[in-house]
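Trainee: There's a structure below that I have some questions on.
The values are calculated or read from the model by the stated rules, or taken from the named source; none is laboratory data. Given the structure is predicted, the values throughout are model-derived calculations rather than measurements. Here the Cβ is made from the backbone with ideal geometry for all residues, glycine too, and neighbour counts use every protein chain on show. Side chains included, ligands, DNA and RNA excluded: accessible areas come from the protein's heavy atoms. Shrake-Rupley method; radii C 1.70, N 1.55, O 1.52, S 1.80 Å.
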Amino acid sequence: MRVKTFLLIILPLLVGSVGWAQSSQPIVGRDAATKYFQKRDVSNDIQSGGITGANDHYLALHYGRLMSSQSYDWGKNGQEDDVGKNNFGVTYRIGEWVNSMDMNIRIDYMDYEIAGEKPTKLSFLPLITFPDANSRFPLYFGAGLGLGVFLKQINEKSAISLDYQLVAGARFFNVFENTGFFIEAGLKNSLFILSSGQYNGTFLAGGLVFTF
């Protein structure tokens with residue numbers, strides 16, 4: 001009778017201690033490793049000071065000056081220098097090759113002074129820049145190719161041009177909330193499509209970047 005009573009008291013304690021020992025053992029092997037390979041939340045990886053997620057875009061507004069430039073067969077003389085004047089533009093990011101580069105649409109308004117006249121033009125072109133904005137790297141490079149449409153053109157010259165740009169710049173996101181700024185320099189060149197004529201020039205621009 002005493003043995004039976006002793007077993008009734010001791011056995012539950014033994015079973016409980018075994019269960020506690022099993023539960024207290026560290027998880028090792030594959031089960032332990034899986035917690036380090038969970039899917040990352042990209043939106044949480046991007047810290048303040050950059051684009052806040054892989055699907056976000058930015059809008060940049062800029063003003064610049066067309067610096068050193070030359071025109072060929074455009075105007076009364078065969079070649080004229082420093083015909084480019086002002087440049088206003090907007091650049092909008094529409095997509096991204098992840099961890100690589102961005103696709104942008106750029107619209108530029110430019111005015112010139114040549115042969116006593118003042119032509120004006122709108123330029124529409126896709127612009128590829130790298131690295132991608134989500135990298136938050138401040139320096140970037142890019143190239144674009146598109147069409148220019150002259151709102152005002154001198155006589156007997158094409159109202160449409162083939163425009164191409166090579167750019168390099170520095171950008172700083174979210175300096176004040178969702179607003180930052182950038183500076184950019186490069187080449188803005190044009191080839192007239194429906195007549196002879198060419199423009200080659202450099203530019204320097206700066207403006208604001210809005211992220212959303």
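Trainee: Quick one: if you stick a label point 7 Å off each Cα along the C-beta vector at THR179 and PHE137, how many nm between them?
Mentor: 2.9 nm
Trainee: Same structure again: Round to the nearest 10 and report in Å² the accessible area of VAL175, as given by a 1.4 Å probe over the protein chains' heavy atoms.
Mentor: 90 Å²
Trainee: Could you compute how much accessible surface GLU113 exposes when probed at 1.4 Å, giving the result in Å² to the nearest 10?
Mentor: 90 Å²
Trainee: Under the 0.36 nm per residue contour assumption, what length would be gained going from the current alpha-carbon distance of GLU156 and VAL90 to full extension?
Mentor: Full extension from GLU156 to VAL90 adds 20.8 nm.
Trainee: Then there is this: Quick check for me: using +1 on Lys/Arg Cβ and -1 on Asp/Glu Cβ, what's the dipole size of the range 59-211 about its Cα centre, in debye to the nearest 20?
Mentor: 140 debye
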